[in-house]
Structures are given as C-alpha cells and as structure tokens.
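Here's the structure, in structure tokens; my notes come after.
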Amino acid sequence: EAQVTQNPRYLITVTGKKLTVTCSQNMNHEYMSWYRQDPGLGLRQIYYSMNVEVTDKGDVPEGYKVSRKEKRNFPLILESPSPNQTSLYFCASTPWDGTDTQYFGPGTRLTVL
Amino acid sequence: GENVEQHPSTLSVQEGDSAVIKCTYSDSASNYFPWYKQELGKRPQLIIDIRSNVGEKKDQRIAVTLNKTAKHFSLHITETQPEDSAVYFCAARKGDLNDMRFGAGTRLTVKP
C-alpha cells in the first residue's frame with residue numbers, strides 16, 4: 001500500500017530534550033516536506049527536500065533540522081525543543097510527475113512542557 | 001512572498017444546501033491552487049485543484065473557480081452532506097512545490 005508514515009504519532013517531552021520525528025514514504029517520491037499546523041494559521045512549511053542530500057528552509061525553520069540521506073526517509077530533528085514548538089506536524093511527499101499531488105502522513109502531535 | 005487569505009473561518013449549512021469558501025492570493029505569479037479537506041484527527045487530503053490556465057473545474061459535487069484578474073479562487077460544494085463536515089484549506093503556489101502557501105482554514109459544519 002502506497003503511504004507516508006510518521007513516528008511517533010504522539011509525543012510529550014520536556015524543554016531541551018532532543019527528539020526526532022521520522023517520516024518515510026514507499027512511493028519513490030522525489031519531493032518531501034515538513035509542515036506544522038497551528039490553530040488559525042493553517043499549514044506552514046518548515047523544511048523541504050527536492051531529492052537525496054538536497055534540503056532547504058521553508059517559512060518557519062528556526063529550531064528544526066532535517067536530513068535526506070535516503071530517498072524514502074526525511075526525519076525532522078528538534079535539537080533543543082521549546083514550548084513554542086508544541087504543534088501538530090505533518091510530513092508530505094510529492095512525485096515529480098506533474099500531478100503536484102501532496103500525500104500527507106498521519107501527523108505527529110508534539111507537546112513540549 | 002505569497003499571502004493567502006481564506007474566508008469564512010467557520011461555515012454552517014443545512015444538509016442539501018450549497019457551501020462556498022473563498023480564498024484570495026497576493027502573488028500574480030501563482031499558478032496552482034489546490035484544496036484540501038481535513039477531517040477531525042486526520043491528515044489533509046487533496047479534493048480538487050486548478051491551474052492558472054483554467055477558469056473552472058468540477059468533480060461531482062465539488063467545483064473550484066479561479067479569477068486570475070481579481071486573484072481569488074473559490075470552492076463550491078453542492079448538495080452538502082453531513083460527511084462533508086471538515087476543515088477545508090486552500091493553497092496557492094508559484095513555481096516549485098516549496099512555494100506552497102496555505103490559507104488558515106474553514107471549518108464547515110453540515111447539519112442534518
């Protein structure tokens with residue numbers, strides 16, 4: 001089954017404790033991205049990757065890191081989480097086939113105390 | 001950069017009525033306008049999209065119209081059903097996928 005998966009789905013952590021949210025897609029998509037969703041703000045892009053070893057900042061990259069060592073995986077790293085990073089996070093992937101359809105993962109609800 | 005405004009933020013309609021959600025964008029170079037539906041606790045899912053070379057697109061009960069001159073586009077849902085209740089997001093993009101900007105969302109409630 002073609003899908004985007006994220007882990008964990010829910011996470012409660014404390015300020016300053018490094019964490020990684022994994023994202024994996026099995027559709028061989030070139031493009032992957034991370035969004036955060038906050039009430040009244042829609043979805044805002046954090047980082048994106050055009051392909052392996054190619055990543056760049058989105059609109060709200062501060063406090064986040066990413067890597068793209070393999071085509072299927074695009075982990076989001078919070079080196080020192082802060083309470084303002086409490087949010088719902090979505091990973092998405094898109095093929096370079098002209099359809100522009102973004103496939104979203106199930107989301108990760110993160111709470112930073 | 002691109003700025004997308006979406007109205008209304010909440011919309012309540014009676015089952016069977018039509019619902020219209022409107023979005024405006026700021027960058028005239030934007031050329032791709034998708035709409036996403038997000039049910040409670042679920043991921044956003046693409047329901048319809050339109051490109052700048054088309055004025056209207058329809059898929060069963062859902063249609064999207066685009067007015068490039070006025071820089072606005074709208075989602076129309078006819079014969080609404082309770083299962084249409086969700087949050088709807090519009091987005092606008094120019095060029096590459098990294099230029100995607102989302103509206104703040106509209107919570108649609110369809111009352112039986």
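Does the stretch B:1-87 classify as rounded, prolate or oblate by the C-alpha gyration tensor (a ≥ b ≥ c root eigenvalues; a/c under 1.5 gives rounded; else a/b over b/c gives prolate, otherwise oblate)?
It comes out prolate by the Cα gyration axes.
In units of 2.2 N^0.38 Å, what is the alpha-carbon radius of gyration of the protein assembly as shown?
Taking the Cα Rg and dividing by 2.2 N^0.38 Å, one obtains 1.02.
Can you compute the label reach from B:GLU15? Point 7 Å from Cα along the Cβ direction, backbone N cut-off under 19 Å, restricted to the stretch B:56-88.
B:61-62, B:77-87
Can you compute 3J(HN,Hα) from phi for each residue in the stretch B:75-82, using the Karplus curve 6.51 cos²θ - 1.76 cosθ + 1.60 with θ = phi - 60°, rounded to whole Hz and x for Gly and Pro?
3J(HN,Hα) across the stretch B:75-82, in whole Hz: 9, 10, 10, 9, 6, 4, 10, x.
What Kirkwood hydrodynamic radius do you get for the stretch A:1-84 when you take the inverse of the mean 1/r over all pairs of distinct Cα atoms, in Å?
Computed over the stretch A:1-84, the radius equals 13.5 Å.
Shielding of B:29-38 by partners, i.e. mean partner chain Cβ atoms within 10 Å per residue?
1
Label the stretch B:4-47 by shape, choosing from rounded, prolate and oblate, from the square roots a ≥ b ≥ c of the eigenvalues of the Cα gyration tensor; if a/c is under 1.5 it is rounded, and otherwise prolate applies when a/b is larger than b/c, oblate when it is not.
It comes out oblate by the Cα gyration axes.
A:ASP56 versus A:ASP38, label points 7 Å from Cα toward the beta carbon: distance in nm?
2.4 nm
What is the stretch B:17-93's relative contact order, in percent, from Cα pairs under 8 angstrom and six or more apart in sequence?
Normalised by residue count, the contact order of the stretch B:17-93 is 42 percent.
Mind giving me the FRET efficiency for B:GLU5 and A:ARG109? R0 is 25 Å, r the Cβ-Cβ distance, nearest 0.05 is fine.
Efficiency computed from Cβ-Cβ geometry: 0.40.
Would you mind calculating the relative contact order of chain A from Cα pairs under 8 angstrom and at least 6 residues apart, reporting the percent as a whole number?
36 percent.
When you count, for each residue, the other Cβ atoms within 10 Å and take the mean per peptide, how do A:45-52, A:2-9 rank with the highest first?
A:45-52, A:2-9
Values in this text are rule-based calculations from the coordinates and carry no lab data. Owing to the predicted nature of the structure, the values given are computational and were not obtained by experimental measurement. All Cβ positions, glycine included, derive from the backbone under ideal geometry; neighbour counts span all protein chains shown.
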